[in-house]
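The structure appears right after this line, and notes come after that.
The values are calculated or read from the model by the stated rules, or taken from the named source; none is laboratory data. None of these values were measured; they are calculated from a predicted model. Note: ideal-geometry Cβ built from the backbone for every residue, glycine included; neighbour counts use all protein chains shown. The area values use the complete protein model at the heavy-atom level, side chains included, leaving out ligands, DNA and RNA. Shrake-Rupley method; radii C 1.70, N 1.55, O 1.52, S 1.80 Å.
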Amino acid sequence: MCVNRVHFIIVDKCFFIGGIFGAYSWAILKLVLPIIGVLGLLINLVMFIILIVKKKRSLKLFTNVMLNIALIFPILMTMNIIPYAYPNTITRAQPSITVSWPLAEKTVVGWGGDSVKDNLPHATWSSERWAYDLVMEPHNINSDSNEDYGIWDKEIHSPVSGIVIAVSDNEADITPGSENFISMEGNHVYIKIKETGTYLLLNHLKKDSVTVEVGDHVKQGDVIGRVGNSGSTSEPHLHIHHQRQDPTKVIHPVLAEGLPLFFKDINGDLMPKKDTIIEPKNIPLK
């Protein structure tokens with residue numbers, strides 16, 4: 001009971017702060033406090049053994065142990081043993097944007113939506129609160145060849161008009177299911193949206209496939225690259241998300257405030273959920 005109470009107090013505080021401070025608070029909660037808790041618990045266990053030898057008791061020591069356990073508790077969220085979405089809402093996190101679908105063929109939403117159920121690997125982090133992973137049939141086939149996956153090498157069309165602020169194009173595509181990646185994001189294109197001053201990130205692109213450069217003005221529908229399997233990824237897919245902070249200036253990718261991302265001219269919901277099959281309509285191909 002004590003552990004849960006402390007946990008929810010911290011979570012509510014992160015929610016209350018919001019913005020970039022909320023993102024930092026969430027990272028501290030999930031990554032830093034558990035380490036402090038483990039160290040404190042080890043120290044207290046040593047002190048507990050000393051007290052046993054001296055045949056003494058200490059209520060203060062017991063209180064410290066319970067506090068350290070409470071600090072360790074969020075590691076269960078970090079490991080997704082207790083899945084818990086970053087405490088923000090679509091209406092509270094603004095501005096949101098509505099963009100065009102980045103692919104010209106029938107697509108499957110691997111992960112997406114507002115809930116942790118439909119968007120487990122993303123919704124639990126502040127920066128990727130409303131991110132998507134997009135795949136095509138066949139997918140999730142456990143093949144070690146990138147060419148076997150339906151989305152491999154498909155053209156990516158810019159979902160928005162804006163200025164390219166970052167490009168990576170030289171990371172090798174890894175073998176599906178391996179961990180031999182260089183960076184978390186892999187090859188990517190980051191676009192600044194003039195109207196909102198926010199940023200759209202497209203990750204895991206194919207090596208040597210990016211067709212734009214930093215400073216380029218892209219229009220909605222322009223081809224900007226091809227889907228690959230670079231970065232931290234289990235199989236070829238396109239990762240896309242929207243955030244407030246300039247991704248080239250954040251200390252770490254998770255230390256940003258993710259913002260809602262909707263899609264127009266598609267069948268179904270504007271924020272499609274996991275396993276939804278998307279058929280893009282009227283994508284402005286060149």
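Quick rundown of the values:
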item: Ile81 - accessible surface, heavy atoms, 1.4 Å probe, Å² rounded to 10; result: 100 Å²
item: Carbon/sulfur fraction of accessible area - the chain, other protein chains in place, 1.4 Å, %; result: 60 percent
item: Cβ-Cβ FRET estimate between Lys264 and Ser178, R0 fixed at 35 Å, reported to 0.05; result: 0.45
item: Probe 1.4 Å, all protein chains present, accessible-area order of Thr63, Thr89, largest first; result: Thr63, Thr89
item: Under 14 Å from Lys273, Cα to Cα: aspartates and glutamates that are on another chain or at least 8 residues apart; result: Asp114, Asp118, Asp133
item: In order through segment 123-130: 3J(HN,Hα) via Karplus (6.51 cos²θ - 1.76 cosθ + 1.60), integer Hz, x for Gly, Pro; result: 4, 7, 10, 5, 5, 10, 3, 10
item: Sites Leu61 and Ile20, calculated FRET efficiency, Cβ-Cβ separation with R0 41 Å, nearest 0.05; result: 0.65
item: Span-rule helices in the chain, defined as complete DSSP H runs reaching 18 Å or more along the axis (Cα) with Kyte mean at least -0.5; result: 2-17, 33-53, 59-72
item: Chain lengthening between Lys249 and Ile90 when straightened (0.36 nm per residue, less Cα-Cα); result: 54.8 nm
item: Extension reserve of the Ile50-Asn140 stretch, reckoned as 0.36 nm per residue once the Cα distance is removed; result: 27.1 nm
item: Part-to-part distance (alpha-carbon centres) for segment 195-213 and segment 238-272, which is given in Å; result: 12 Å
item: Accessible surface of Phe62 - all protein chains present, 1.4 Å probe, nearest 10 Å²; result: 120 Å²
item: Cα-Cα over 28 Å, subset of Lys192/Lys281; Lys30/Lys154; Lys154/Lys219; Lys219/Lys249; Lys154/Lys192; result: Lys30/Lys154
item: Relative contact order (%) - the chain, alpha-carbon pairs under 8 angstrom, separation at least six; result: 21 percent
item: Karplus-derived 3J(HN,Hα), 6.51/-1.76/1.60, for each residue of segment 169-176, Hz, glycine and proline x; result: 9, 10, 7, 5, 6, 8, 5, x
